[in-house]
Structures are given as C-alpha cells and as structure tokens.
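Trainee: Have a look at this one.
The values are calculated or read from the model by the stated rules, or taken from the named source; none is laboratory data. Small disclaimer: the values here were computed from a predicted structure and weren't measured. FYI the Cβ positions are ideal-geometry reconstructions off the backbone, even for glycines, and counts take in every protein chain you see.
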Amino acid sequence: MDKELSRSFILFGGDYNPDQWDDETIDQDIAVFKKTRINTVTLPVFSWAKLEPSEGVYEFEWLDHILDKLDEAGLSYFLATPTSAQPSWLSKKYPEVLPVDIAGRKRTHGMRVFFCINSNKFRERAAAIATKMAERYKDRPGLIGWHVANEYGTYCYCDNCQNKFRSWLKNRYKTLDELNTRWHTCFWGKTLYDFDEVMVPSELNDDYRFNPAVQLDYMRFITDSTIECYENEARILKAATPKLPVFTNISGFIKKLDQSKMVPCMDTAGWDNYPWPTDERSFPAMKHDIMRALKGGESYYVMEQSPNQQNWQPYNKLKRPGEVRRLAYQGLAHGSDSSLYFQMRQSVAGQEKFHGAVISHSGRTDTRIIREFTELGKELEKLGDSFICGKANSDIGIMFDWNNWWALELCSGPTKDMDYLREVHNFYKTFYYGNYSVDFIIQETDLSKYKVIVAPMLYMMKEGVAEKIKNFVENGGTLVATYMTGYADENDRCIFGAYPGPLRDVFGIWVEETDALFADEVNHIHENGSDRTFECRFLCDLLHTTTAEVKAVYEDDFYKGMPAVTVNSYGKGKAYYIATAVERAYLDKLYCEILKESEVSPVMDTQGEIEVTARNRDGERIVFFINHGKEDGAIDTRGDKYQSLLTDEIIEGTRKIPAGDVMVLKKL
C-alpha cells in the first residue's frame, strides 16, 4: 500500500468500535474482514473517555494493541480524533463546554456532538488529544488518513457564542450603520445603537423565525465557527503527516452547515449516505453529485452507509437482496473512491444496537449480509484502481447554494411548503433518468466550461453573480431558471424593480406577482403549437414578456392564458424561464429540445431502469450501469467496444443487463 494514499484500491469497510470487544471477538472480526475483502476501518470515533479518563492522563495502550492486530492483518485505517463525544469529566469540570439550546437551556452531559464549538476549553482539550494521537500514531504502517470528530452540526446559543457572533459581525460589516442597513433594522423598530445589543436568534427573542437576516448571518457564523473548531485539530494532524488526507464526515442531513465553504478547508469530502427506503433512486444520486462538487469535481469518500437496516428511521426496513451492492456502485459511479459503512459489528446496547452491521449480534459468518459483502468485496478488489480519482465530464451544471437554501426556507412566504432540495431534485431528475452527466456548481463557479446551466429557485443574487450569468448567456450558453429567481441580495433584502431582478433583460420578462397553490391544488399549462397540457403545482408566477417568446401558457384560474414558460435570445445564447413547478413529462420534453440544440449527448442509450454514469481518468473512460429495476434492461454501445472490468469479456453492440445487476465497462 502506498503510504501517501495514492488510492490504489477502493476503500471497503467502515466504522469499527473494537473498544467494546475482547481480544477473541476482535480476532474473529478480523477473520471476517479478510474473508469479505474489507480493507479499511475507521476508529476510535467515540473513545475520548477511554483514551483520556481524566484531564491530561492518557491511556493509549488498548488502542496500540488493536492497531497492532490491524497492522499484522494488513488492514488500513483512518484514525478518528474522538472529539465528537467529550468525556464526562470535561463537561463536569468545565461546564462552559456544554451547549445552550435554542430555548436558552444549558444542556447537561449526554448526547454525542453535544458541545459548544466556540468553547475555548473544548478546543484546548481537543487539540491536546489530537496532538497526542498525531505524535503516537503518525508512523503507523496502516494509517491512511485522519478523520476529525464526527458529523459536526450542533448550534449553540450561549453567552460565549453571542459575544463571538458580535465580533464576527463587526469584522463582516465594520460599522453599526452598515449592519443596520444590511439587516434593515428600521423594520419593526429594531435599530441597533451598539454591537452589544446584538442577541443570538433563539426562542428567547424569536429572531430565528421572524428575523431572517439575523438568522441567515447566524447560520453563516456557525459554519465559520465550525471550520475553526475543525481546523483546531486538523492543522495538528496535517503538520504531523503532511502527505495524508485530513477531513471530517458530513452528516447525510447536509443543510446545517455551508459545506461549499467547509469542505475546501479539508483534503477531501467525506459524507454519510443514508437514503430512506422511500427515496426515489435519483435522490441519493443527486446528493452524491453535490458531494463531488465540493472539491471542484474531485472524487470524495462515502464514509458511512448502512450494511442493512437503519435503526433511527421509523420503520427499520431491511436492505433487499442486492441493494447493498447497487448502492455501493451508485456512490462509486458518481465519484466516490470508497464504499465504507457504519458499522462493522452490531453494538450490544445503546441507541444504535439495532442498526445494521456487517457482523450481526449472532456473530455468524453464514448470514445473507456477509455473503453479499463477500461477493462485493471480491468485485471491488478486482476493480483495483481502475477509476480511482476519475472525474465526470459534464456539459450541464446545476447551481446549488447553501445560503440560497437557507434564505428561501427562512422566508415567511410565499408558501409554507418551501423545500429547496426537493425543487432542485425535480429539475435534476430529467437529466438523471436521461443518462446525462451533471455537475453541481456554486454561484462562484466559473461557468464557461458548460453548455447548459440550470438554476432552480435562484432567490439570492450574490454580488457579481448576475453579471457572470449574463456573460455566460451572451457568449452562447443556455440558461434555465425558475420561479423564485432574483428576489434578494445576500442579506435577504428584496431587490427593487420587478423580479427576476438583475436578470430581467436576460429572460426578457418581468414577474408581477406569484400565486401559491395549496398542497392538493393543481393548475395546468398548455404548450403553444400543440394540443398537450401538463399539470403544475406549488407556485405560479404571473409574468409579462418584454422580448421573450412564450412557449406555454396557464390553463386555469384568473391568469389563464398568461405565460408559464418563456425563452429569450440574449447575445449568442438563450434563457428559459419556467414560472411554475410543472410535471416532469414537460421538463423531459423541454430539456430534450434544449440539449439537442446545445449538442449535449447522454452518456449512453439504455432500455429499462438503468442508471448510467461515467468516470474519466488519464484518457480512460469507465462507464457504470446499475439496473435498479425488477425487469431486465439493455444497453447499446453504438459501435464502440468495451471491456467488462468484472468479467473481462468484450462488450459490443446491444447487451442485456439482468434485473438488479451491475456492469462496469472500460472503453477500448
């Protein structure tokens, strides 16, 4: 194994908590790891109390013993700083490390990730144990990287956070006049006369609900504070092992922290993929694509997913036969260089004792899950480094922005059903099911490499973004935007002049007002030049054209006949405006027209419920096919020749893919 982690193999394994087990059990587990081709484990994520039983007193011998066993077995490991679960002595001796919740209550010791990220004492003790671990383990043969803490995301409302928030605001806005302007404090008579009058937005003042500008800045502040907390440990680990990756894992619930700002501070993105059994298969695929975006299209790590049932969901559905394999390949296909899981052995007790594991409570090695992992492990071992660090080549970009997400859902209108992730997913699905490669991009991304940009609900227009979008369209690009575009600046202050604000000329329209539909209410649009109508829901912009061409109009209500979909020529390019949440059948038709005109092709043509994604590296193209359906599907290579990396056979022309099966092909 390359000490610098050149990623010469797919990381397969996951979270292991051997401090719960005796030597005999650990030896049995390692035998299972060897059998299943598990090559990587992550430890000791929650073991701070055992590593430092009292302040400054360290007991690493038990961990040394376990790492000796892993090294002897030839296993790789990520060492995790255990700082997401502080020991009880730390909470008792220094209560300032405990968080204050949004209701203003000082919490007691208990839950994991239950500390104030701005506590100086917490950071001091976290840095101390990170230093000890770095010094002790930096030369370990099995060490391939550092995993800092676990799933950051705790918000705190203590006095210390309040004081630091005030300092953060001073640094951001410099003067009170600027702060008052940015927060528009003249509304409801909330003008500030001293920075000491700033209070954290909580249930004590309801600013978290009724003052979106304050809450928006607090969410930004929490992200910046979390970055500081992470870097407090990461810089120690990086100094000790400069050639090894240092990162933390992102909770599957990705909203709390601005990951587009946090992940660039890491060596790679790592995230925890826990789709619900009811999720459409395109939804976790979209999240994978978002993770790939966070380091500019570089590969990332899936650090956790479930080997079987997920105990924290209301119904603990078992993974169906073959589902673990399909989910593993979905991650690899979209840019992951790992397939790691929580957990290796099922815990004896505690909150997650019924969470799935490779090794169940029975301890048996003849279970369905172990059989499936053994087969998957053999396949991943055979794939070797064939696509490690491979990237997607996409002509389509979807704009996704955390600040925009927060601001939209902090709005007190126009609907209580505002769900940014759902709406983005609706505009992603057509590309996904059409086998098109998509990059997610942030507002700061260079747009010039793309032919088509889709910007769902681009509510917040950050400084300079409108100009960038205009240049993209002027230079020949195609832009697709939607309802809730161009409403506010980065402090959630509405932009004067009709919506979509600074992009009115690009779209050749102006929006007069927006109708919010009840959850069970439906309108329809009628496509000009045809007799087809399509359902639309959620929001309906009532707009007027200035230079745009009308492609579809509303069918119902008092705005029947008003434009619902428009297109405008602007410079060398075109800008489409979709004024309502129209059904996918229409989006499929519209996208087909746009992509054909923009000369964007799918990765490959398929029949059936087959997911297709490609990764490219050093001139080689690897294409993944995952049949998610219950019926056989087929692919057509259209004259190109491929080699199967799983069976070594040559594939040319039409080839059947059995229900639930996977193919990984290298283009020859």
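Trainee: Give the residue that is surrounded by the most Cβ atoms within 10 Å (Cβ to Cβ), with candidates limited to residues of region 264-298 that are aliphatic (A, V, I, L, M) and touching a helix residue (DSSP H, G or I) at 6+ places or on another chain (Cβ under 7 Å). Spell out how you get there, then give the answer.
Mentor: First pass over region 264-298, keeping only residues aliphatic (A, V, I, L, M): 266, 269, 285-286, 290-291, 293-294.
This time we only want the ones that are touching a helix residue (DSSP H, G or I) at 6+ places or on another chain (Cβ under 7 Å), so: 269, 285-286, 294.
Working: ALA269: 27, ALA285: 25, MET286: 22, LEU294: 23.
Step by step, filter region 264-298, then rank; the result is ALA269.
Trainee: For region 150-190, what are the residues that are in a loop (DSSP other than H, G, I, E, B), of a type in the set (D, E, K, R) and crowded, with 18+ Cβ neighbours inside 10 Å?
Mentor: We begin by selecting, within region 150-190, every residue in a loop (DSSP other than H, G, I, E, B); these are 150-158, 174-175, 184-186, 190.
Remaining after also requiring of a type in the set (D, E, K, R): 151, 174, 190.
Listed by number, the list holds a single entry, GLU151.
Trainee: Return the residues of region 646-667 that are within 13 Å of SER386 (Cβ to Cβ) and either touching a strand residue (DSSP E or B) at 6+ places or on another chain (Cβ under 7 Å) or aliphatic (A, V, I, L, M) (or both); say none if nothing qualifies. Show your work before the answer.
Mentor: To start, the set of residues in region 646-667 that are within 13 Å of SER386 (Cβ to Cβ) comprises 646, 648, 664-667.
Correct list: LEU646, VAL664, LEU665, LYS666, LYS667.
Trainee: Quickly run through region 30-42 and pick out the residues that are buried (at least 22 other Cβ atoms within 10 Å of the Cβ) and either among the small types (Gly, Ala, Ser) or under 23 Å from the mean Cα position of the chain (by Cα) (or both).
Mentor: THR40, VAL41, THR42
Each row is one residue, and each column tells you yes or no for (1) assigned by TED's automatic domain parsing to the domain that holds TYR300; (2) surrounded by fewer than 22 Cβ atoms within 10 Å (Cβ to Cβ); (3) assigned to a helix (DSSP H, G or I); (4) on the phi > 0 side of the Ramachandran plot.
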residue: CYS389; (1), (2), (3), (4): no, yes, no, yes
residue: ALA407; (1), (2), (3), (4): no, no, yes, no
residue: SER412; (1), (2), (3), (4): no, yes, no, no
residue: THR415; (1), (2), (3), (4): no, yes, no, no
residue: MET418; (1), (2), (3), (4): no, yes, no, no
residue: ASN426; (1), (2), (3), (4): no, yes, yes, no
residue: PHE431; (1), (2), (3), (4): no, no, yes, no
residue: ASN435; (1), (2), (3), (4): no, yes, no, yes
residue: PHE440; (1), (2), (3), (4): no, no, no, no
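Trainee: Here is a follow-up. Identify, by number, the condition in (1) outside any strand (DSSP E or B); (2) within 24 Å of ALA31 (Cα to Cα) that MET303 doesn't meet.
Mentor: Evaluating MET303 over (1) outside any strand (DSSP E or B); (2) within 24 Å of ALA31 (Cα to Cα) leaves (1) as the failure.
Trainee: So ILE254 passes all but one of these: (1) under 19 Å from TYR152 (Cβ atoms); (2) part of a helix (DSSP H, G or I); (3) not aromatic (Phe, Trp, Tyr). Which condition number does it fail?
Mentor: Status for ILE254: all satisfied but (2).
Trainee: Provide a single number: the residues in region 603-628 that are surrounded by fewer than 16 Cβ atoms within 10 Å (Cβ to Cβ) and in contact with a Gly (Cβ under 6 Å, 6 or more places away or on another chain).
Mentor: Residues meeting the conditions: 2.
Trainee: A further question on this structure: Is it the case that TYR301 is more than 15 Å from the chain's Cα centre (by Cα), crowded, with 22+ Cβ neighbours inside 10 Å and either within 30 Å of SER644 (Cβ to Cβ) or in the same structural domain as ARG422 (by TED's automatic domain parsing) (or both)?
Mentor: Working: more than 15 Å from the chain's Cα centre (by Cα): no; crowded, with 22+ Cβ neighbours inside 10 Å: yes; either within 30 Å of SER644 (Cβ to Cβ) or in the same structural domain as ARG422 (by TED's automatic domain parsing) (or both): yes.
Considered against the rule, which asks whether it is more than 15 Å from the chain's Cα centre (by Cα), crowded, with 22+ Cβ neighbours inside 10 Å and either within 30 Å of SER644 (Cβ to Cβ) or in the same structural domain as ARG422 (by TED's automatic domain parsing) (or both), TYR301 comes out as no.
Trainee: So, in region 277-319, of the ones that are at pLDDT below 95 and aromatic (Phe, Trp, Tyr), which residue ends up farthest from HIS147 (Cα to Cα)?
Mentor: TYR315
Trainee: A follow-up question, please. Could you please find all residues in region 488-505 being hydroxyl-bearing (Ser, Thr, Tyr) and surrounded by fewer than 24 Cβ atoms within 10 Å (Cβ to Cβ)? Can you show your working first?
Mentor: Taking region 488-505 as the starting set, the residues that turn out to be hydroxyl-bearing (Ser, Thr, Tyr) are 499.
Residues satisfying the conditions do not exist here.
Trainee: Quick check: is even one residue across region 392-403 among the charged types (D, E, K, R) and in a helix (DSSP H, G or I)?
Mentor: Initially, region 392-403 is screened for residues among the charged types (D, E, K, R), giving 395, 401.
Checking the rest, the ones that are also in a helix (DSSP H, G or I) come to none.
No.
Trainee: Report, ordered by the first and then the second residue, all pairs with beta carbons closer than 7 Å, sequence separation of six or more or different chains, a first member in region 140-169 that is more than 13 Å from ASP217 (Cα to Cα), and a second member that is at pLDDT 95 or above and basic (Lys, Arg).
Mentor: Within 7 Å, the pairs are GLY153/LYS256.
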